[in-house]
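Trainee: One structure follows; several queries about it will come next.
No lab work stands behind these numbers, since they all come straight from the coordinates. Keep in mind it's a predicted model, so treat the numbers as computed, not measured. So basically every Cβ, Gly included, is an ideal-geometry build from the backbone, and we count neighbours across all protein chains shown.
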Amino acid sequence: MRHRKAGRKLGRNGTHRLALYRNLALALFRHERIITTEAKAKAVRPFVEKLITLARKGTLHARRLVLARLGPPAKAEVHPPEKDDDPNADDRRVIVKLFSEIAPRYADRPGGYTRIIKRHERRLGDGGKTAYLELLKAGEVKVQKRGVPPPPAPAPRLTETPPAAPAAESPPATPPVSTETPQTPPPA
C-alpha cells in the first residue's frame, strides 16, 4: 500500500527529480508554453504554481525563496542571443520576468495559473503520452467543462373548461344494476 506517499517519483531519485522540476519551470517561464509528458506536466504543476504564488507577493524574502527553489539556473537569460546581432534576444533574467511580467498577470487570481492540455500525438521514441503545459493569459477565466444547463422547459398550460350544466331529468343510459343477491327458498 502506498498510503501517505504523495507526489510522483517519475523514475528518478530526489535530486534528479528536483533538477527536472527546475528545468521544466524555467522553460515554462521562458516560453510560457511547453510540450512534455502528461505525468511530468501533472507533477511539475504544483511546483510552478507555488513559485508564481511566491512571486505575487513581490517581497525581497519571496524573491530569495524563489531563487532558492529554482537554484543557480534562475539567473539564466530569458532568450539568450544566438548571434551578436540577434533581434529576438531578451537579456532579462528569468526571475525578473517572473516577478515583473508573469506574477502581476495573476494579481487577482486565487491559484490555477497553469493549464494542461493533452495532445493526441505520442512521443516518437517510446510512444509516451504528451501534453501542453501553459501559463494562462491575462484575464483568462477557467473554461467550464459543461455549459450551464438550459432552464427546464415550462410546464404546459392547462385550460380548464367549465363543467357542462346537467341536463334536466335525462334517463340513464344503462339500466341500474341491482346489488342485491336473490334469496333462495329454504329446502323442504
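Trainee: Cross-link partners among lysines for K75, C-alpha distance below 28 Å, same-chain residues fewer than 8 apart left out?
Mentor: The qualifying lysines are K9, K40, K42, K50, K57, K83, K97, K137.
Trainee: Using the alpha-carbon atoms, what tilt in degrees (0 to 90, nearest 10) does helix 14-31 show relative to the longest principal axis of the chain?
Mentor: 90
Trainee: Also: Along the charge dipole of the chain, pointing to its positive end and built from +1/-1 on Cβ of Lys, Arg, Asp and Glu, which listed residue (P72, T130, G147) has its Cα farthest out?
Mentor: Most positive-ward Cα: P72.
Trainee: Shifting gears a bit: Work out the length of the dipole vector of the stretch 31-172 about its Cα centre, built from +1 on the beta-carbon of each Lys and Arg and -1 on the beta-carbon of each Asp and Glu, and round it to the nearest 20 debye.
Mentor: Computed about the Cα centre, the dipole is about 760 debye.
Trainee: Between the helical axis of 38-57 and the dominant principal axis of the chain, each derived from Cα atoms, what acute angle in degrees is found, rounded to the nearest 10?
Mentor: Once rounded, the angle reads 70 degrees.
Trainee: Next up: Please report, in cubic angstrom per residue, the volume enclosed by the convex hull of the alpha-carbon atoms of the stretch 61-130.
Mentor: Cα convex hull per residue, to the nearest whole number: 184 Å³.
Trainee: So, one more: Please give the contour-minus-distance gain from T159 to K83: 0.36 nm per residue of separation, less the Cα-Cα distance, rounded to one decimal in nm.
Mentor: 19.1 nm
Trainee: Using Cα atoms only, what is the angle between the long axis of helix 60-70 and the major principal axis of the chain, expressed in degrees (0 to 90) to the nearest 10?
Mentor: Its long axis makes an angle of about 90 degrees.
Trainee: Under a GNM of the chain (C-alpha, springs under 10 Å), which listed residue has the highest mean-square fluctuation: R64, R45, R146?
Mentor: Checking each option, the largest mean-square fluctuation is seen for R146.
Trainee: To continue, here is another question. When the Kirkwood radius is taken over all Cα pairs of the chain, what Stokes-Einstein diffusion coefficient follows at 20 °C and 1.002 mPa s, in µm²/s?
Mentor: 95
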